[in-house]
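Please treat every number below as a calculation from the coordinates, not as lab data. Not measured: the values here are computed from a predicted model. For neighbour counting, all protein chains shown are included, and Cβ atoms are generated from backbone atoms with ideal geometry for every residue, glycine included.
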Amino acid sequence: METGNPHDAGTAGQERPAEATATTTTTGTTAGPAAGPAAGPAATTEAVEPVVPSGTPAAAGGEPKWIALPPGLLKVRRLMLVVWLGLLTLAAGLVPGLLAGPGWAAFALLPLALLVWGWVMLERNWRSWRYAERSDDLLISRGVLWRQETVVPYGRMQLVEVTSGPLERHFGLASVQLHTAAAATDATIPGLVPAEAERLRDRLTELGEARSAGL
């Protein structure tokens, strides 16, 4: 009996490390699958990021930036329309009415209708004027019924001048005239603020000299 007891104790002592080893092995095996799902979303996120397109802002920035004319030009043109057609309306109503009778004063309706039509068309024409400074040329667009676009290359400009008549100076306006080697490409931008007209003249002159020197 004394021989059996030490054998049993030794056998039990040898089986305890085996159980501990088995427990450790089982724990390590169980931790493996838990780490697998955690790594899955991270790998999916890294695969989606390169799919996002790039370069979209650069493509949108390539379009020309149009600049409209100030409203002072519309005021000047409407003032001239009212002065000339207003006088014509008075003349068409008074002269026939005094000479031929009151019924002939109805002729005044013709210039009056023309005044109303011109008032609307002047605004549409003013809104149609715009220009854009591109990298190689100046683009000018205008016209309501017949749309016209003039492209003036910087390298072909010979003279850029700012003009302002008495009526334009009174309303604080100026025009930029562009003269090129070909008369067909000459252009004018009317009704600008003097500061903008001078800035545009200096810039176009500088670009024209630089492009002409590079030819």
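Quick notes
- This ranking places I189, I67 by how few other beta-carbon atoms lie within 10 Å of each, fewest first, which gives I67, I189.
- Approximating the spin labels as points 7 Å out from Cα along Cα→Cβ, the A91-to-E123 distance works out to 2.8 nm.
- Overall Cα dimensions of region 69-128 - principal axes, largest extent first, Å: 47, 15, 8
- Taken one residue at a time, the phi angles of region 152-166 give Karplus couplings (6.51, -1.76, 1.60, θ = phi - 60°) of 10, x, 5, x, 9, 6, 9, 8, 10, 10, 10, 10, 7, x, x Hz. Gly and Pro are set to x.
- Ranked L110, L192, criterion: other C-beta atoms within 10 Å, fewest first: L110, L192
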